[in-house]
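First comes the structure, then the notes that go with it.
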Amino acid sequence: MFRPTWMKRIFIGITAVLVLQHLLSIVYSLGFHKQAYNHRPGMCRVVPGIDTGSEDIYVLKNGLALITSGMNVAALGFTMDPSALTWRGHIYLFDFNQPNANVTELSILGSFDQTDFRPHGISVWEERTQTTVFVVNHKHQHDSIEVFSFNEKMKSLHYLRTFTDSRMTSVNDVVAVGTNTFYFTNDGYNKQFFKRFLERFLKFPWGNVVYYDGNTGWGQVVIPRSLEPNGINQSPDGRFIYVSSPVVGALTVYERQPDYSLKPIQVIDLYTSPDNVYVDSSSGDLWFGCHLISYQTMLHFQDFRQPSASQVLHIQLKSKTAPYSYDIREAYVDDGKQISGSSVAAYYNNQLLIGSVTHKLVHCQVLAF
């Protein structure tokens with residue numbers, strides 16, 4: 001009768017331990033052990049006019065906020081509530097200078113197919129003569145980055161061009177570093193549901209970050225292997241690039257190099273699932289919309305009636321250059337009844353605008369937290 005040798009027993013034991021460790025890490029990352037305890041930094045209200053998500057927000061220097069809505073999470077390998085199949089993409093405007101007002105939908109002018117518009121991440125490059133808006137779009141056939149010019153007086157976007165590239169495998173977010181130059185994150189490789197499930201379950205680091213020069217069509221992968229890189233943004237002086245990972249539960253700080261590559265400088269553990277990274281242009285501080293309890297977020301995507309806890313974190317930077325000294329504080333938590341699946345927190349003039357992947361938009365006065 002065949003009996004395993006001691007070498008085989010050791011191998012089987014080590015394999016069993018590694019499998020168990022992997023399974024426990026997944027269970028831990030889903031947040032079954034967490035509880036949401038509601039608290040606010042001040043008076044908070046749901047801003048009427050948005051019921052199809054407010055996934056990402058960019059605030060202009062004058063306090064006008066551009067908001068993406070109508071995202072398709074199925075493009076990221078998640079099961080999505082069937083009601084979202086009828087959604088169409090929109091860009092909304094919120095004015096921090098009139099915080100009690102509601103949102104306004106921006107009209108999109110030019111030869112742009114709005115029926116194939118499911119916006120995700122957003123970034124803006126502001127110049128004296130033109131404000132250029134970059135929007136990640138999950139089209140039916142492929143991902144792209146749409147470029148518009150913003151007309152504040154007319155409250156409109158004028159379509160300029162579409163960037164598509166074979167390196168746009170699963171685009172999540174974009175940060176503009178010039179009129180036609182930008183970095184973007186791919187949060188994974190596969191889009192087919194089962195393949196993406198395996199990629200996510202086995203924690204394959206198949207995401208990446210790409211630099212793209214739209215003037216020449218030249219691009220390069222600047223972070224070749226990363227575990228679901230999500231939000232991306234830059235420091236006010238453009239020297240550092242920030243990339244969040246909800247799976248890792250951390251923010252990585254990179255320094256831009258002369259050849260546009262990124263050098264890792266610092267990892268800041270957040271012990272939660274950060275989505276988009278918002279940078280306060282005046283202080284350089286960082287704000288995050290986070291998925292406090294990840295398994296609730298996935299259930300919410302499947303059925304929008306299921307609440308998902310929301311969380312906002314603030315990183316106050318105490319030094320001007322990386323590696324930073326910093327202080328992390330929790331500014332907002334909701335059990336999902338006010339807003340589910342918080343994805344971004346934009347700060348301006350003692351106010352917060354909290355967005356969600358597929359739910360509502362919340363405005364808060366920031367008095368203390």
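Structural remarks
- Hey, Gly217 surrounded by fewer than 20 Cβ atoms within 10 Å (Cβ to Cβ) and at pLDDT below 95 or not: yes
- Pairs, first at pLDDT 95 or above and of a type in the set (Phe, Trp, Tyr) in region 151-169, second open to solvent by less than 40 Å² (accessible area, probe 1.4 Å) and not in a strand (DSSP E or B), C-beta under 7 Å, six or more apart: Tyr159/Phe112; Phe163/Gly214
- Selection from region 325-369 of residues that are outside any strand (DSSP E or B), open to solvent by 10 Å² or more (accessible area, probe 1.4 Å), of a type in the set (Ser, Thr, Tyr) and in contact (Cβ under 8 Å) with a residue 40 or more places away in the chain: Tyr348
- Consider region 93-135 and keep the residues that are in contact with a Gly (Cβ under 7 Å, 6 or more places away or on another chain) and in a strand (DSSP E or B). The one that is least open to solvent (accessible area, probe 1.4 Å) is Pro119.
- In region 248-269, the residues that are surrounded by fewer than 21 Cβ atoms within 10 Å (Cβ to Cβ) and assigned to a loop (DSSP other than H, G, I, E, B): Gly249, Gln257, Pro258, Asp259, Tyr260, Ser261
- Residue in region 345-360 that is among the hydrophobic types (A, V, I, L, M, F, W, C) and at pLDDT below 95 present: no
- Sub-7 Å Cβ pairs linking a first residue in region 277-293 that is of a type in the set (Gly, Ala, Ser) to a second residue that is in a loop (DSSP other than H, G, I, E, B), at least 6 apart or interchain, are Ser281/Lys61; Ser281/Pro236; Gly284/Ser235; Gly284/Pro236, ordered by first then second residue.
- Of all residues in region 69-92, exactly one satisfies the criterion of being modelled with pLDDT of 95 or more, under 15 Å from the mean Cα position of the chain (by Cα) and in a loop (DSSP other than H, G, I, E, B), namely Gly70.
- Test: residue in region 186-206 that is under 21 Å from His90 (Cα atoms), in contact with a Gly (Cβ under 8 Å, 6 or more places away or on another chain) and open to solvent by 30 Å² or more (accessible area, probe 1.4 Å): no
- Flag if Pro307 is closer than 16 Å to Lys34 by Cα, without any contact (Cβ under 8 Å) to a residue 40 or more places away in the chain and open to solvent by 10 Å² or more (accessible area, probe 1.4 Å): yes
The values are calculated or read from the model by the stated rules, or taken from the named source; none is laboratory data. The shown structure was predicted, so the numbers you read here are calculated from the model rather than taken from an experiment. Note: ideal-geometry Cβ built from the backbone for every residue, glycine included; neighbour counts use all protein chains shown. With ligands, DNA and RNA removed, areas are computed over all heavy atoms of the protein, side chains included. Shrake-Rupley method; radii C 1.70, N 1.55, O 1.52, S 1.80 Å.
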